[in-house]
Every structure is written in C-alpha cells, then in structure tokens.
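Visitor: Next up is a structure, given as structure tokens.
The values are calculated or read from the model by the stated rules, or taken from the named source; none is laboratory data. Note that the coordinates shown come from a computational prediction; the quantities given were computed from them, not determined experimentally. For neighbour counting, all protein chains shown are included, and Cβ atoms are generated from backbone atoms with ideal geometry for every residue, glycine included.
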Amino acid sequence: MFNLLKRRPRVYSKIENHIFGIITELLKLSSTDINSDELGGKYYLSNEEQHFKVTIMSNDYVIRLTNTRDSVAEKYEKAFVEDVLKAVKEEKHRRMEVVYDSINNSIEKMAERLHNTLIESNELETQKVRHLEKTS
C-alpha cells in the first residue's frame with residue numbers, strides 16, 4: 001500500500017534532458033555568471049565565452065535559452081523547472097560558500113598578523129621599560 005504513495009523519480013522528455021544538460025554544463029563552468037531577481041522569480045545564467053544565456057522564469061515555468069544564432073523560450077512542467085532551479089540554487093550557494101570561506105580565511109590571517117604584531121610590540125615595550133629600569 002505504501003508503494004503507491006512513494007514518489008517515483010521524474011522522467012524527463014528528450015527536450016527536457018537536453019535543456020537540463022545544457023544548464024548543468026553551464027553551471028560547471030566558473031565563467032558562467034549566476035544572477036537572480038528573487039522577488040521577480042527570475043534567474044539568469046550567462047557565459048560570454050560560450051555566447052550563451054539562460055533565463056529561468058520560475059513564476060511562469062518558462063526557460064529561455066539564447067545563443068548567438070537562436071533564442072527559444074518554452075513553458076515547461078512545474079516539476080522540471082523546480083528541478084532546474086534546485087541545480088542553479090545549489091551551484092549559487094556553493095559559489096557563495098567558496099567566497100565566504102576565502103573572505104573568512106583572509107580575515108583570520110589578518111587577525112593573526114595583527115595579534116602577532118601586538119605581541120611583538122608589547123614585548124619590545126617591556127624590554128625598553130626593563131632597560132630603562134636597569135639604567136636608572
């Protein structure tokens with residue numbers, strides 16, 4: 001009985017497979033920019049090197065692919081667009097984590113340098129005071 005309620009994996013059409021493949025390959029390229037308009041429900045991928053742009057309109061379930069020769073916009077099933085958006089959001093999140101980690105590491109290194117500089121400065125001051133005390 002519970003097998004009937006179990007959600008089966010989504011099977012994409014041939015076109016959906018191609019679209020998903022294109023988007024997945026674009027997401028693998030670090031030269032692909034990912035932008036979004038969260039309020040408008042639009043997500044944008046652009047890769048100038050590949051001359052490729054993708055616009056995902058999540059509210060209308062429309063995906064537009066544009067390259068130097070063609071521009072095609074089609075409406076797809078909600079589940080497919082949600083799967084595409086999930087992949088885009090995961091990659092965007094992964095990239096944000098990489099940037100965050102880089103910034104965090106830079107801040108940690110800077111703080112460590114400052115801390116070491118202060119320790120050295122305090123040690124020098126202590127040595128100067130001791131030297132003055134001995135000479136007085």
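Visitor: Condition (residue is over 30 Å from Arg10 (Cβ atoms), assigned to a helix (DSSP H, G or I) and within 31 Å of the chain's Cα centre (by Cα)) applied to the range 77-98: is it met by at least one residue? Full working, then the answer.
Guide: From the range 77-98, those over 30 Å from Arg10 (Cβ atoms) are none; that's our starting set.
No; the residues of the range 77-98 include none that is over 30 Å from Arg10 (Cβ atoms), assigned to a helix (DSSP H, G or I) and within 31 Å of the chain's Cα centre (by Cα).
Visitor: Scan the range 20-40 for residues that are buried (at least 16 other Cβ atoms within 10 Å of the Cβ) and either in a loop (DSSP other than H, G, I, E, B) or in contact with an Asp or Glu (Cβ under 8 Å, 6 or more places away or on another chain) (or both) and report the count.
Guide: Here the count works out to 4.
Visitor: On to the next question. Identify the residue in the range 41-75 that is in contact with a Phe, Trp or Tyr (Cβ under 9 Å, 6 or more places away or on another chain) and of a type in the set (S, T, N, Q) and, among all such residues, is surrounded by the fewest Cβ atoms within 10 Å (Cβ to Cβ).
Guide: To start, the set of residues in the range 41-75 that are in contact with a Phe, Trp or Tyr (Cβ under 9 Å, 6 or more places away or on another chain) comprises 45-46, 53-58, 61-63, 65-68, 75.
Next, from what is left, pick out any that are of a type in the set (S, T, N, Q): 46, 55, 58, 66-68.
Numbers: Ser46: 17, Thr55: 17, Ser58: 19, Thr66: 15, Asn67: 14, Thr68: 8.
Among those that are in contact with a Phe, Trp or Tyr (Cβ under 9 Å, 6 or more places away or on another chain) and of a type in the set (S, T, N, Q), it is Thr68.
Visitor: Starting from residues that are of a type in the set (Ser, Thr, Tyr) and modelled with pLDDT of 80 or more, keep the ones in the range 107-136 and report whichever is nearest to the chain's Cα centre (by Cα).
Guide: Ranking the candidates gives Thr117 first.
Visitor: Does Arg10 count as in contact with a helix residue (DSSP H, G or I) (Cβ under 9 Å, 6 or more places away or on another chain) and either exposed (fewer than 12 other Cβ atoms within 10 Å of the Cβ) or at pLDDT below 95 (or both)?
Guide: Considered against the rule, which asks whether it is in contact with a helix residue (DSSP H, G or I) (Cβ under 9 Å, 6 or more places away or on another chain) and either exposed (fewer than 12 other Cβ atoms within 10 Å of the Cβ) or at pLDDT below 95 (or both), Arg10 comes out as yes.
Visitor: Moving on. One residue is enough: does the range 98-115 have a residue meeting the conditions in contact (Cβ under 8 Å) with a residue 24 or more places away in the chain and more than 17 Å from Asp33 (Cβ to Cβ)?
Guide: Scanning the range 98-115, I find no residue that is in contact (Cβ under 8 Å) with a residue 24 or more places away in the chain and more than 17 Å from Asp33 (Cβ to Cβ), so the answer is no.
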